[in-house]
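> Below is a structure I'd like to ask you about.
Any read-out appearing in this document is the output of simple, stated calculations on the displayed coordinates, not a laboratory observation. Keep in mind that what you see is a predicted model, and the values were worked out from it rather than measured. Here the Cβ is made from the backbone with ideal geometry for all residues, glycine too, and neighbour counts use every protein chain on show.
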Amino acid sequence: GAGLIAFTDLVITAPARAVELRQESERNRFRPVTQERTGIAINQQRRVVEDRFLFTTETLWPGIALTFGGKIQAPITQAEAGLLVASLHLIPNMGRAKSRGLGWLDAGVAVQDDDGATWSPAELQAALRQEASA
C-alpha cells in the first residue's frame, strides 16, 4: 500500500575472496583476517544493560573492502527517490557511538522504476529540486 517501504537485508556481494581468506587463515593458522568484538545490548528506553543479551560482531581487519547489495522497494515518486538517495549518501560509517569504527561507507545507488528503467542521479536531483521549489 501507499507509504510502504521494504528494505531487504544487505548481503556481501564482493569480494568472494574475503570469505576464502578467512577460511584459509583458520585452516593454515595465518594471522586471522577477522576479529570478534563482544558487546552487550542496552535498553534504549531505560538506558540499562539488557539481561542475557550478550552478542558478538565479526569484523574484518582494515584494508579489506567489501561490497554489499540490497534493495529498497517502495511506491514513491522520482523526487522521493532522490531524497532517499541523497539521505543514503549522508551515512559516512557503520556503527554508532562506541562502534562507529565498524567501517566507512561509500553508497553507490542505482534507482529503477517499475518498468526497469534506470533513473540517473541527474534526473533524481532535478526532480528533487523541482519538488522543493514547488
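> Points 7 angstrom from Cα along the Cβ direction at GLN44 and ILE64: gap in nanometres?
Label-label distance for GLN44 and ILE64, simple model: 3.0 nm.
> While we're looking at this one, here's another question. What net charge is computed for the residues neighbouring PRO75, neighbours being all others with C-beta under 11 Å from the C-beta of PRO75, Lys and Arg scored +1, Asp and Glu -1? Let's see the in-between values first.
Details: positive: none; negative: GLU80, ASP113, ASP114.
Cβ neighbours under 11 Å give a net charge of -3.
> Between THR56 and GLN130, what length in nm is gained on full extension when 0.36 nm per residue of separation is reduced by their alpha carbon distance? Don't jump to the answer; show the numbers that get you there.
Details: separation 74, 0.36 × 74 = 26.64 nm, distance 4.57 nm.
Roughly 22.1 nm would be gained on extension.
> Would you mind getting me the FRET efficiency between THR8 and ASP115? Use the beta-carbon distance for r and R0 = 22 Å, nearest 0.05. Could the numbers behind the result be given before it?
On the way: r = 20 Å, r/R0 = 0.92.
E(calc), rounded to 0.05, equals 0.60.
> By count of other Cβ within 10 Å, fewest leading, how are VAL11, VAL109 ordered? Mind dumping the intermediate values first?
On the way: VAL11 9, VAL109 13.
By the 10 Å Cβ count, ascending: VAL11, VAL109.
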